Amino acid sequence: MPVEGKLREKVIVKGSNFGTDKSKVKVYFVDEAAERLSTVIGIDNNTLYCLAPRQLPGGNRIKVIVDGKEVTTDGTFKYETGPECFYHLWFGFKRWE
């Protein structure tokens, strides 16, 4: 799993018993303000492939829910903002989704 990245960065989460049905899996990036849903782009029983959603800058934990069972990573993903994000903040857009 990359330990840092930007919006839409490909993130790999290693584990076990993920299954192979993407519809049963949700991945959230959790910062101090909210849980932000990620797009799962691939899955096998031991690996999830997803895209980093827009988040607050800094360390975020990753929460995985598979068929109603949830676990949160011990490590963090450091989200970095690009110039386009600063532009939106400067002009008062505060909604991050």
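The values are calculated or read from the model by the stated rules, or taken from the named source; none is laboratory data. Since the structure is predicted, the reported quantities are computational estimates derived from the model, not experimental observations. Virtual Cβ from ideal backbone geometry, glycine too; neighbours counted across all protein chains shown.
Quick one: count up the residues across the range 68-97 that are part of a loop (DSSP other than H, G, I, E, B) and either modelled with pLDDT of 50 or more or surrounded by 12 or more Cβ atoms within 10 Å (Cβ to Cβ) (or both).
Looking only at that region, the number is 9.
Step by step: first the residues of the range 1-55, then only those that are assigned to a loop (DSSP other than H, G, I, E, B) and hydrophobic (A, V, I, L, M, F, W, C), then the one that is nearest to T81 (Cα to Cα). Which residue is that?
Restricting to residues being assigned to a loop (DSSP other than H, G, I, E, B) and hydrophobic (A, V, I, L, M, F, W, C), the top hit is L7.
So, of the residues in the range 1-30 that are modelled with pLDDT of 85 or more and among the basic types (K, R), which turns out to be surrounded by the fewest Cβ atoms within 10 Å (Cβ to Cβ)?
For the range 1-30, the residue satisfying everything is K14.
Here is a list of conditions, (1) surrounded by 18 or more Cβ atoms within 10 Å (Cβ to Cβ); (2) modelled with pLDDT under 90; (3) among the polar types (S, T, N, Q), and S38 meets all of them except one; can you say which number that is?
(2)
Based on this model, can you work out whether I65 counts as assigned to a strand (DSSP E or B) and either acidic (D, E) or loosely packed, with under 12 Cβ neighbours inside 10 Å (or both)?
no
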